[in-house]
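Take a look at the structure below.
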Amino acid sequence: MSSAGEAEGGPGEKRVTWAELYFDLVFVFAITQVSGLLHHQHDAGGLIRALVVFVPVYWCWVGTTVQANIRDVDNLRDRLGILLVGLAGLFMALAIPGAYGRRGLLLGAAYWLARVVLLLLLVRLPGVWSGPYGAGVLVSGPLLLAGGLLSDGPRLALWAVAALCDLAAPLVFRRRLAAVAYHPAHMPERFGLFLLVALGESIVGIGASAAGARLDAAELTAVAAAFTISAGLWWQYFVFAADAMRHAVEVADSRRDVVRRIFQYGHLALAAGVIGVAVGFEETVAHPRQALGAGSVALLYGGCGLYLLTFGYTRWMMFRQVSATRIAAAVVVLGLLPVMVRLPALVVLVALAGLLVLLNAVEHVRVVRAAAVATAAGAAPAD
C-alpha cells in the first residue's frame, strides 16, 4: 500500500494514506471557520451555535476515518470517494460563517452529500444501512438539510437534534458494530493528526492576532506565553497520552468501545477545548495591557479546563484509573477564571502558561518514577 506516515510497529500495521492526509487539509480550513464563528459571538449562545455546526464537520471526518480504517482505501474508487467527501467538507466550511443565515441550506446539503458518499463507499458491507452510516443518510442528513430551510431559532433546534443523532448512533448501534474489525495503529494516528490540526488553529490564533500589532516587549511576551500554552497542550497529549491511547486500543477486549469512547467522543471534547483556547488567543495576544471580558477569559481558561478534564475521562475509560494531576490542574484553571476577568491579558496568559509548565513538569517526574516499574512489569505506558 502506497502511504505516508507509517506508525511505529510491525510491518503488518495499517498506515495513513496520502489521500487521507490531503483530505485533512479541508478540515484545517473548516476548523478555522468554526473558530471565526465563535470569535464573532462567544457568549453562551455563540458556544452552542459553534458546537452545533462543529459536530457535523467533525462527524464527516470521523466517518471518513472509520471507513479508511476498516477497509483498504488506497485504490482509485476510494481515493475519489475521499476527495468527494473532502469537497463536501469544503462546501460545509464555506457555509459556516453564514450557517445561521443564507448559507444554512448549503451546509445541510453538503453534509448530506458527504454522508451519501460515505455510505456508497461501504455499501457492499452487510448491514451498513442499519448502522451509523445509514442513520447519517436517513436521519441526520435530512434533518440538517431541512434545518437549512427554516428560520434561525427552529434551524438551531433541528440542527442540534441532528448533531445528537450523529453522536448517539455509535451507542444505538453498539451491538451491530461489535463485528467491525478496527486496525489498532491507524485509529490513534488519525485522531492524533486531527488534534494536531486543531492545535494548528491555536498557532493561527496567535499569529493572526499579533501580525497587526506593534510587537513591543509586552506583545512579544504575550506571544511567547500563548505559544507556551499551545505547546503545553501539545505536550500533554503527544508526550503523555498518545502512546497510552494506542496501547489501550491494542489490548482492549472491545476495540469498538475504546474507539467510540476515547477517540470519537473524547477527541471531540479535546478539539473543542483547543478551539476555545485558539479563539481566546485572538482576543488576548494583540492587547496584552487590556483587561479581558468574561467571554474571552471563559474561552481561554474554559477551553484549557475542558481539555485537561477530558484526559481524566479518557484515562478512566482506558484503565479505570483517576488522572489526579490533570483533574487537579483543571480545577485550578477553572477556579481562576473569575479572578482573571479583571486582570490584564498578559497576566492571564502568563499565569495559564505557568500552570501548564508546572503540570507538565509534575507529569514528567511521575512518568520517570513509574517507567522502571512499568517496564519491569510489562505494564501499559503511563498516561
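Quickly run through segment 128-142 and pick out the residues that are under 25 Å from the mean Cα position of the chain (by Cα) and either touching a residue at least 24 places away in the same chain (Cβ under 8 Å) or not assigned by TED's automatic domain parsing to the domain that holds Q67 (or both). Passing the criteria: G131, P132, Y133, A135, G136, V137, V139, S140, G141, P142. If you check V259, V339, V274, V297 for being assigned to a helix (DSSP H, G or I), at pLDDT below 95 and closer than 29 Å to C165 by Cα, only one passes: V259. Filter segment 233-253 down to the residues that are within 19 Å of S35 (Cβ to Cβ) and either at pLDDT below 95 or not aromatic (F, W, Y) (or both) and list them by number. Result: L233, single match.
What tally of residues in segment 287-326 results from selecting those that are of a type in the set (A, V, I, L, M, F, W, C) and farther than 22 Å from L47 by Cβ?
Result for segment 287-326: 6.
Number of residues in segment 266-314 that are within 30 Å of P184 (Cα to Cα) and surrounded by fewer than 19 Cβ atoms within 10 Å (Cβ to Cβ) equals 2. Tally time: how many residues in segment 225-240 are part of a helix (DSSP H, G or I), over 9 Å from F281 (Cβ atoms) and in contact (Cβ under 8 Å) with a residue 40 or more places away in the chain? Count: 8. Here's a check for you: in segment 140-175, which residue that is in contact with a helix residue (DSSP H, G or I) (Cβ under 6 Å, 6 or more places away or on another chain) and among the charged types (D, E, K, R) is nearest to F263 (Cα to Cα)? Filtering segment 140-175 for residues that are in contact with a helix residue (DSSP H, G or I) (Cβ under 6 Å, 6 or more places away or on another chain) and among the charged types (D, E, K, R), the one nearest to F263 (Cα to Cα) comes out as D166.
Among the numbered conditions (1) assigned by TED's automatic domain parsing to the domain that holds V279; (2) under 16 Å from R256 (Cβ atoms), the only one that G212 does not meet is (2). Only one of the numbered conditions (1) among the hydrophobic types (A, V, I, L, M, F, W, C); (2) at pLDDT below 95; (3) closer than 20 Å to G89 by Cβ is violated by A210, and that is (3).
The values are calculated or read from the model by the stated rules, or taken from the named source; none is laboratory data. Note that the structure is a prediction, hence the values are computed from the model and not measured. Because the Cβ atoms are built from the backbone with ideal geometry, glycine has one as well, and the counts that use them run over all protein chains shown.
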